[in-house]
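Colleague: Have a look at the structure that comes next, please.
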Amino acid sequence: MIIFSVKILGKPYNINNGYGLKNGKKYLKPEVKKWKEDISWSAKQVYSGKILKEYLTMEIHYYFGDNRRRDIDGCHKFIQDALENILYSDDKWIAKTIDDKHPEYNGKEFYTIIKIYKYEKIY
């Protein structure tokens, strides 16, 4: 059963390209901060339920608007952080993450679809 689903417009960022370094200090790049804020804002528009404290599965679908080579491994961390205190109290409740890049997509728009389900242990 889907608890939450949202479409986020814009290019996704991963931990490899989301931080900068200035005067020896690591900082979150402004465009990444805005992307995380967009995720949080969008989540608040579609989810008004209680903050969950149970194990969950996060399914993320990435649609890239160009043909560049993309690494999606670190994208989910920013998404998980952006949804804290909106859907769940801590991203420790994400027991399973499914990242799905859609190489067959040939549109011009960048977007990400995020879905949250109750976690079901499958053997």
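Colleague: If you plug each phi of the range 73-82 into the Karplus form 6.51 cos²θ - 1.76 cosθ + 1.60 with θ = phi - 60°, what whole-Hz ³J(HN,Hα) values come out, in order, with x for Gly and Pro?
Modeller: Once rounded to whole Hz, the list reads 3, x, 5, 5, 5, 5, 5, 4, 5, 5.
Colleague: If one puts a single equal scatterer on every Cα of the chain and applies the Debye formula without solvent, what log₁₀ I(q)/I(0) results at q = 0.16, 0.19, 0.22 Å⁻¹?
Modeller: Evaluating at q = 0.16, 0.19, 0.22 Å⁻¹ gives log10 I(q)/I(0) of -0.79, -1.07, -1.33.
Colleague: Ok, one more. Kindly provide the pair-distance distribution of the range 1-68 built from C-alpha pairs, with 5 Å bins from 0 and whole-percent values in order of increasing distance.
Modeller: 3, 12, 19, 21, 18, 14, 8, 4, 1, 0
Colleague: For the range 13-105, which trypsin sites (Lys or Arg not before Pro) pass both filters: DSSP loop (anything but H, G, I, E, B) and at most 15 other C-beta atoms within 10 Å? Each step should come with its number before you reach the end.
Modeller: Numbers: sites: 22, 25, 26, 33, 34, 36, 44, 50, 53, 68, 69, 70, 77, 92, 96, 101; in loops: 50, 53, 68, 69, 70.
In loop regions of the range 13-105 (DSSP not H, G, I, E or B), the sparsely surrounded trypsin sites (Lys or Arg not before Pro) are 50, 53, 68, 69, 70.
Colleague: Also: Report the antiparallel proportion of the DSSP beta bridges in the chain as a percent, rounded to a multiple of 5. Don't skip to the answer; put the middle values down first.
Modeller: Details: 19 of 28 bridges.
Of all bridge pairs located within the chain, approximately 70 percent are antiparallel.
Colleague: Among the GluC sites (Glu not before Pro) in the range 32-123, which ones are in a DSSP loop with at most 11 other Cβ atoms within 10 Å of the Cβ? Mind listing them?
Modeller: Working: sites: 37, 54, 59, 84, 104, 109, 120; in loops: 54, 104, 109, 120.
In loop regions of the range 32-123 (DSSP not H, G, I, E or B), the sparsely surrounded GluC sites (Glu not before Pro) are 54, 104, 109, 120.
Colleague: Counting alpha carbon pairs within less than 8 Å and at least 6 residues apart, what relative contact order, in whole percent, applies to the chain? Walk me through the numbers on the way to the answer.
Modeller: On the way: 216 pairs, mean separation 54.0, N = 123.
Rounded, it is 44 percent for the chain.
Any read-out appearing in this document is the output of simple, stated calculations on the displayed coordinates, not a laboratory observation. Computed from a predicted model, the values in this text were never measured in an experiment. Note that each Cβ is placed from the backbone with ideal geometry, even for glycine, and that neighbours are counted across all protein chains shown.
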